[in-house]
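The structure appears below as structure tokens.
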Amino acid sequence: MSGGADSTGPLPPPAGFRIGHWSDREGRTGCTVVIAPPGSLAGVDVRGGAPGTRETDVISPFAGTDSVTAVMLAGGSAYGLAAADGAMRWLERQGLGHETPAGRVPIVPTAIVYDLAEGDPGARPDAAAGEAACEAAREGVPERGRVGAGTGTAAGKGMGRERATPTGVGYAARRGSFGFVMAALAVANPFGDLLAEDGTVLAGVRADGEGEPPRTRELLAGLEREVETVHSEERNTTLVCLMTDAPLDKAECARVARAGSAGVARAIDPVFTDVDGDVVFCVASGADRPAGRFPTLQAQVLAAAVAAEAIRDAALSSR
């Protein structure tokens, strides 16, 4: 396996994947769309107690729909789900979507993060924002940092959002020895801390000038006075969209998404809590290529690796 970066920068997503952002920097919210190549398949893994999603059931292995058109990631809490409406309109005009007897219907699974407490709570991605993100979508390595769905995100909220560390959108990719690319786009907005590969904190509770800041897990382990400052209504979520040209069917997409959740757990502590609604999508464009057990296993290994790397990049790119 080769790594995800060289002297020219990160490896881009597989051919045909387009990523676009819409950012409201004053309101501190936004949305990010991943437009898939025609004929792509998808799966999803939902963790934690506070998810906000739309059309995730339709990409389950048991659903009859045979393709996905795009994935929308948005701020604005549940209000941000409306960004998918605009994406659907834009994709329909491009002639993209699931074929039905009455015309094409774009399939746009969507997941949201809670950023209402970061900026203007009345600023939310809407249908127009979803259209704008699609209009801005391009192939290649996406813009990262405080953009799109990561415009108002933060990590380490154990002592309130005012002590949390700003995060954003991160990206990573690797090429497997079987020739396919596994890329990950992450929007990091966890209750817990973002961890480096060695376990040190990349983004968490910030110091208040009186010594080292506590780790979130230390707050929950017994420092009751500080735990009382946690506001459970400040919902938290980390979103990941895996993009690959590996030869995966729908069931394999779901299992690769589940493997991607292992990468989320490597990079966030604590993770999958009652106040997190973590979601990992896997979109695969290589269904027409020969499949096999070992390519699928490698896809699962790479999914966990790039998910963790993209989450860490969400902290590093936002500094």
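Observations on the model:
- If you check 123, 84 for being outside any strand (DSSP E or B) and surrounded by 24 or more Cβ atoms within 10 Å (Cβ to Cβ), only one passes: 84.
- Any chance residue 19 is more than 16 Å from the chain's Cα centre (by Cα), buried (at least 21 other Cβ atoms within 10 Å of the Cβ) and touching a residue at least 60 places away in the same chain (Cβ under 8 Å): no
- Residue in segment 115-129 that is without any contact (Cβ under 8 Å) to a residue 40 or more places away in the chain and not charged (D, E, K, R) present: yes
- Selected residue (criterion: nearest to residue 272 (Cα to Cα)) from residues of segment 204-242 that are at pLDDT 95 or above and among the hydrophobic types (A, V, I, L, M, F, W, C): 239
- Residue tally, condition crowded, with 19+ Cβ neighbours inside 10 Å and either in a loop (DSSP other than H, G, I, E, B) or among the basic types (Lys, Arg) (or both), over segment 48-66: 5
- Tallying residues that are among the acidic types (Asp, Glu) and either surrounded by 11 or more Cβ atoms within 10 Å (Cβ to Cβ) or in a strand (DSSP E or B) (or both) within segment 173-212 yields 2.
- Restricting the first member to segment 295-319 and to residues that are more than 18 Å from residue 141 (Cα to Cα), and the second to residues that are assigned to a helix (DSSP H, G or I) and modelled with pLDDT under 95, the beta-carbon pairs closer than 9 Å and six or more apart or on different chains are 296/252; 299/252; 300/252.
- Residue match in segment 186-200 (condition: hydroxyl-bearing (Ser, Thr, Tyr) and touching a helix residue (DSSP H, G or I) at 6+ places or on another chain (Cβ under 9 Å)): no
- Qualifying residue in segment 266-280 (condition: crowded, with 22+ Cβ neighbours inside 10 Å, modelled with pLDDT under 90 and more than 13 Å from the chain's Cα centre (by Cα)): no
- Qualifying position, being within 16 Å of the chain's Cα centre (by Cα) and not in a loop (DSSP other than H, G, I, E, B), among 111, 129: 111
- Among the residues making up segment 177-203, those that are more than 18 Å from residue 150 (Cα to Cα) and at pLDDT 90 or above are 180, 181, 182, 196, 197, 198, 199, 200, 201.
The values are calculated or read from the model by the stated rules, or taken from the named source; none is laboratory data. Every value quoted in this text rests on a predicted model; they were computed, and no experiment measured them. When we count neighbours, we look across all protein chains shown, and the Cβ atoms used for this are built from the backbone with ideal geometry, even at glycine.
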